[in-house]
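Since the structure comes first, as structure tokens, the remarks are kept for the end.
The values are calculated or read from the model by the stated rules, or taken from the named source; none is laboratory data. Keep in mind it's a predicted model, so treat the numbers as computed, not measured. Cβ coordinates were reconstructed from backbone atoms using ideal geometry, including for glycine residues, and neighbour counts include every protein chain displayed. Please note that ligands, DNA and RNA were not included when accessible areas were found on the heavy atoms of the full protein model with its side chains. Shrake-Rupley method; radii C 1.70, N 1.55, O 1.52, S 1.80 Å.
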Amino acid sequence: MFFLKQLFRAREHTQIKPENPEGYMSVLEHLEALRHTIIRMLVTVFVSMLLCFGFTQEIMDFLRYPAEKMSERHEASQLPAGVEAQHWQRAKELAAIAPTLPPEAVNSLNVQHDETTVKLAQIIPLVKAARTLPQKQQEEWLKNSIKPTEYNLALSILKSGVPLHPQNTSDHIKLMGAFQPGEAFMLSVQLAFFAGIILAFPLLMIFLFNFIIPGLLEHEKRILYKSAAWGFLLFLGGCAFAYWGVLPRILGFFYQYSLGMGIANDWRIGYYLTFAIKLIFIFGVIFELPVIVIPLIKLGILNYESMKSTRGYALIGVFAIALILAPAPDPGTMLLMALPMYALYELCILFARIEYRKHQCPHTT
């Protein structure tokens, strides 16, 4: 109730064209305006959600991509120099299926692959066999069991510790299926909901600003639309930063930690998608800081002096927020969340400084 009172007072303070002669609106009139605003926002989100529901498979594939590529990147980092990941993956599959086929079929299958893949597929079973021996005997046995021209490559694979089994087993990530009858449908609804919010974000901001600052003039509406556009771009920028910069690092932390504990990465699809969506959405909201602060500077509620003097408190607050919202407990993840927030705050201070100089030197062109 206290928050609503403060919000209504802010509306009256910024109202340019009062709807009644005295420039005062009753609580019921404020609540009616708030009701209309909420209805418009809900309808907008619902329509956007329906539009996005038809693309939930593409959205799901997009969100699953970082997790599905995590094990491949980890394995590629273990490969010896000169061995490419694409050859290695095909070679493991070929080595796994070759023992089940007659010699004629194996020869026919080898013809369909390049020479590097075939050579790696022939080396993999020997390295597997060598790993079953005591460590002191592995190199000597491998040297006596393989062609001299292939020994160095086989030895480097043996020492690298790279997995020799095909993908989707052992330490590779497996996004498990639905464990409940309606889980897949509810996941689609959840994906459509968050995608709908992102799609409708500019309109939601316009509705919100129109409620907080009613009675805008034409040139002020144009400024509002520009603010909504910038807010949308910043929101997308935050989401993109989370998807390409933060999410892979967090997944890598959990992935490596699980392997270190000897735990397979069998991640349930529902939990993973919820985790990824929340992370991306949080960063999108964080990047909205300039859209919130700059209008307050324009209205005179914040100024350069006050923001500069509270810079230290803002830094502490930013790291406190990152500590609370960061989905992973490691310092790296918290820094990835805190540093962009503080950088945006510094940009707001720079904007406040520019506004301050404009008021100090109004005739300067």
Considering only residues that are more than 18 Å from ILE292 (Cβ to Cβ) and not in a helix (DSSP H, G or I), look in segment 190-215 and name the one that is modelled with the highest pLDDT.
-> PRO214
Here is a list of conditions, (1) of a type outside the set (Gly, Ala, Ser); (2) at pLDDT below 60; (3) in contact with a Leu (Cβ under 6 Å, 6 or more places away or on another chain), and THR44 meets all of them except one; can you say which number that is?
-> (2)
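Considering only segment 118-162, how many residues are β-branched (Val, Ile, Thr) and either more than 22 Å from SER77 (Cα to Cα) or open to solvent by 100 Å² or more (accessible area, probe 1.4 Å) (or both)? Spell out how you get there, then give the answer.
Here is the first cut: in segment 118-162, the residues β-branched (Val, Ile, Thr) are 118, 123-124, 127, 132, 146, 149, 157, 162.
Restricting the remaining residues to those that are either more than 22 Å from SER77 (Cα to Cα) or open to solvent by 100 Å² or more (accessible area, probe 1.4 Å) (or both) gives 132, 146, 149.
Number satisfying all stated conditions: 3.
Quickly run through segment 264-276 and pick out the residues that are assigned to a helix (DSSP H, G or I), surrounded by fewer than 19 Cβ atoms within 10 Å (Cβ to Cβ) and in contact with a helix residue (DSSP H, G or I) (Cβ under 8 Å, 6 or more places away or on another chain).
Step one: list which residues in segment 264-276 are assigned to a helix (DSSP H, G or I), which gives 269-276.
Checking the rest, the ones that are also surrounded by fewer than 19 Cβ atoms within 10 Å (Cβ to Cβ) come to 271-272, 274.
Within segment 264-276, TYR272, THR274 qualify.
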Output the number of the condition that HIS36 fails; it satisfies all remaining conditions of (1) open to solvent by 80 Å² or more (accessible area, probe 1.4 Å); (2) at pLDDT below 75.
-> (2)
Any pair with Cβ under 9 angstrom, 6 or more apart, that starts in segment 196-212 at a residue that is at negative phi and ends at one that is crowded, with 17+ Cβ neighbours inside 10 Å and not in a helix (DSSP H, G or I) = MET205/GLU288; PHE209/LEU216; ASN210/LEU216
Name the single residue, out of those in segment 227-262 being without any contact (Cβ under 8 Å) to a residue 12 or more places away in the chain and under 21 Å from ILE282 (Cβ atoms), that is surrounded by the fewest Cβ atoms within 10 Å (Cβ to Cβ).
-> TRP244
Hey, does segment 68-78 have a residue that's touching a residue at least 60 places away in the same chain (Cβ under 8 Å) and under 19 Å from LYS128 (Cα atoms)?
-> yes
Under the condition of being in contact with a helix residue (DSSP H, G or I) (Cβ under 6 Å, 6 or more places away or on another chain) and surrounded by fewer than 18 Cβ atoms within 10 Å (Cβ to Cβ), which residue from segment 99-117 is modelled with the lowest pLDDT?
-> VAL106
How many of the residues making up segment 314-335 are in contact with a Lys or Arg (Cβ under 7 Å, 6 or more places away or on another chain) and either open to solvent by 80 Å² or more (accessible area, probe 1.4 Å) or modelled with pLDDT of 80 or more (or both)?
-> 0
Residues in segment 277-313 that are in contact (Cβ under 8 Å) with a residue 40 or more places away in the chain, in a helix (DSSP H, G or I) and open to solvent by 30 Å² or more (accessible area, probe 1.4 Å): how many?
-> 11
Leading residue by the ranking (surrounded by the fewest Cβ atoms within 10 Å (Cβ to Cβ)) among those in segment 54-94 that are closer than 15 Å to LEU251 by Cβ and among the hydroxyl-bearing types (Ser, Thr, Tyr) | SER77
